[in-house]
Amino acid sequence: MTRVFGTDGVRGLANGVLTAELALDLSVAAAHVLADRGEFAGHRPLAVVGRDTRISGQFLESAVVAGLLSAGVDVALLGVLPTPGVAYLTGTLGADLGVMISASHNAMPDNGIKFLARGGNKLDDQIEDAIETRLGEPWERPVGGDVGRVHIHETAVDEYVEHLIGTTTKPLAGIRVVLDCAEGAASEVGPRAVSGAGADVTAIHAQPDGLNINDQCGSTHLEDLQAAVLKDGAAVGFAFDGDADRCLAVDAEGTVVDGDQILAILAGSLKDSGRLAHDTVVATVMSNLGFVQAMRAASITVEQTKVGDRYVLEAMRERGHNLGGEQSGHVIMSDYATTGDGVLTALHLLERMATTGKSLKELAAVMTRMPQVLINVRGVDKARAETDEGLLAAVGEAEAELGDSGRVLLRPSGTEPLVRVMVEAASAEQAQNVAEQLASVVSERLSLG
């Protein structure tokens, strides 16, 4: 049977793969698993439920709430709120469970359901496995006063915005900012928080209609943000995704500042103030070599994990680190949040600009991005990517050619029959040539034919 949970909750075509029936069953199963673990002992259980702006979020929210109420769990409805906002209120409201209905950066027809544990942390894999195992099981239903009750938590946005502003200490007055809210969950929160911290804000793509989320806007489509920054003469622009757990930036010249550069800036900021735990930042194996070199030059250790913000989070929690992230713009500042938070990231980049008096371009110059080429080789036996002797020999030859000025990464896809070939080198031409050579070897050696 195909696994329901992926690397970031349950996600798929709304009303296709992700139906109201599945949403209801998932919420019931989650309640049962947590109850059996003793999470509800001694009190009426409480869950908070939030969503992004997709139209399908309305029926999925209703299904999730129905399932939780029928299982005897009280529900506080948060309405439209970023994923990190739901995580924050899961903690501050003392909820036993948080539920976010969103497909993040995916196109509008998709949606997803993500469960959060008490405190706002992502559920452990074994708990997700237990929930999946118990889908559709027979159960004894509560009746009478034992069923759950629902209420609207009307101050959710106010509380989250106040929290975001409260994480900053330097006024942002005089900084002109453009925010691309992706027609998503940050459409209200983003402008309110950044302007509340003192910046002069222009918001684009901040009029969601349920159908336009992520549509040629946000962190996956930066063209409109770049144009708006140049038109307004803004100092900086930030783009969020649909649920606002990631952030990418654009400097005053319209140049993109990616997640690696953002992470480098924030790591330097925390280290300068003596607040970077263990002088270490957590990143993934996809982080640019230029980021690693810049951190080494700043006497900051880089701990690298598998691709995925959940693995970054796990490493941070296990080893007590307080900064981590991905090239895609997921940045986790665990002093203030339990997950990636795009608006929080933007605020702290602005604070760094205000504190140093430097432009984003100057701050981003702390690292030089090495040319990076990624080729997806399809139709191959990805299971042999790490054992085929001929391929391993070719990788060894490529690594010898690149020396200390580059690197090679072969990564089997977790969901498709393909192998990702990533090469970094001192020049774009060399990176392209080496990547194409290795891709050819992968195609030849691992062919399914």
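The values are calculated or read from the model by the stated rules, or taken from the named source; none is laboratory data. Quick caveat: nothing in here was measured; it's all calculated off a predicted structure. We place every Cβ from the backbone using ideal geometry, glycine too, and count neighbours over all the protein chains shown. What goes into the accessible areas is simple: the full protein's heavy atoms, side chains included, and nothing from ligands, DNA or RNA. Shrake-Rupley method; radii C 1.70, N 1.55, O 1.52, S 1.80 Å.
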**Asked** So for H43, H153, what's the accessible-area order with a 1.4 Å probe, most first?
**Response** H43, H153
**Asked** Expressed as a fraction of 2.2 N^0.38 Å, the rule-of-thumb size for a compact globular protein of N residues, what is the C-alpha radius of gyration of the range 278-436?
**Response** 1.15
**Item:** Accessible area (Å², 1.4 Å probe, nearest 10) - H151
**Value:** 100
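Charges only on Cβ, +1 for Lys and Arg, -1 for Asp and Glu: so what's the dipole of the chain about the Cα centre, in debye to the nearest 20? If you can, show how the numbers build up before the last one.
On the way: 35 positive and 62 negative charges, 107 e Å.
It works out to roughly 520 debye.
What is the chain's relative contact order, in percent, from Cα pairs under 8 angstrom and six or more apart in sequence?
On the way: 990 pairs, mean separation 54.8, N = 449.
Result for the chain is 12 percent.
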**Asked** Within straight cross-link reach of K231, meaning Cα distance under 30 Å, which lysines are found once same-chain residues fewer than 8 apart are removed?
**Response** K170, K358, K361
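Send over the semi-axes of the range 157-257's equivalent ellipsoid, whole angstrom and largest first, taken as the square roots of 5 times the C-alpha gyration tensor eigenvalues. Could you put the intermediate results ahead of the total?
Working: eigenvalues 76, 63, 21 Å².
Rounded to whole Å, the semi-axes are 20, 18, 10.
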**Fill in**
Excluding ligands, DNA and RNA, the carbon-plus-sulfur percentage of the accessible area of the chain with a 1.4 Å probe reads 50
**Fill in**
So for the chain, using the alpha carbon gyration tensor with a ≥ b ≥ c as root eigenvalues (a/c under 1.5 gives rounded; past that, a/b versus b/c decides prolate or oblate), I'd call it oblate
**Request:** Mind listing the long-range amide H neighbours of T202? Cut-off is under 5 Å, sequence gap 5 or more, other chains count too, H placed in the peptide plane at 1.01 Å from N.
**Result:** V177, V178, L179
**Message:** Could you tell me how far the Cα centroid of the range 77-124 sits from the Cα centroid of the range 356-401, in Å?
**Reply:** 33
**Asked** Between L13 and A393, what length comes free when the chain is fully extended (0.36 nm per residue of separation minus the Cα-Cα distance, one decimal in nm)?
**Response** 132.6 nm
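How large is the helix-only mean residue ellipticity at 222 nm for the chain, computed as the sum of -39500 (n - 2.57) over DSSP H runs with n ≥ 4, divided by its residue count, in deg cm²/dmol to the nearest 500? Can you show the working numbers first?
On the way: 14 runs with 169 residues, N = 449.
Calculated at 222 nm, the ellipticity per residue is -11500 deg cm²/dmol.
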**Prompt:** Nearest-5 percent of antiparallel DSSP beta bridges in the range 137-292?
**Reply:** 45
**Request:** Quick one: what are the phi-derived ³J(HN,Hα) couplings along the range 47-59, Karplus 6.51/-1.76/1.60 with θ = phi - 60°, whole Hz, x for glycine and proline?
**Result:** 10, 10, 10, x, 8, 8, 8, 4, 4, 5, x, 5, 6
**Loop trypsin sites (Lys or Arg not before Pro), the range 74-138, which have at most 10 other Cβ atoms in a 10 Å radius of their Cβ (DSSP)** = none
**Item:** Within the chain, percent of DSSP bridges classed antiparallel, to nearest 5
**Value:** 55
**Request:** Determine ³J(HN,Hα), in whole Hz, for all residues of the range 359-367 in sequence, where each value follows from phi through the Karplus function 6.51 cos²θ - 1.76 cosθ + 1.60 and θ = phi - 60°; x replaces Gly and Pro.
**Result:** 6, 5, 4, 5, 5, 5, 5, 4, 10
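Once you have a ≥ b ≥ c as the square roots of the Cα gyration tensor eigenvalues for the range 109-178, tell me rounded if a/c is under 1.5, and otherwise prolate or oblate according to whether a/b is larger than b/c. Write out the running numbers ahead of the final one.
On the way: a/c = 2.98, a/b = 2.01, b/c = 1.48.
The shape class here is prolate.
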**Request:** At 1.4 Å probe size, with no ligands or nucleic acids counted, give the accessible surface of F40 in Å², nearest ten.
**Result:** 30
**Complete:** Taking a ≥ b ≥ c as the square roots of the Cα gyration tensor eigenvalues, with a/c under 1.5 meaning rounded and otherwise prolate when a/b beats b/c or oblate if not, the range 50-148 comes out rounded
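Taking 0.36 nm per residue of sequence separation and subtracting the Cα-Cα distance, how much length would be gained by fully extending the chain between D36 and E253, in nm to one decimal? Mind dumping the intermediate values first?
Working: separation 217, 0.36 × 217 = 78.12 nm, distance 5.55 nm.
Length gained between D36 and E253: 72.6 nm.
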**Prompt:** Roughly how many Å² of T167 are accessible to a 1.4 Å probe, to the nearest 10?
**Reply:** 10
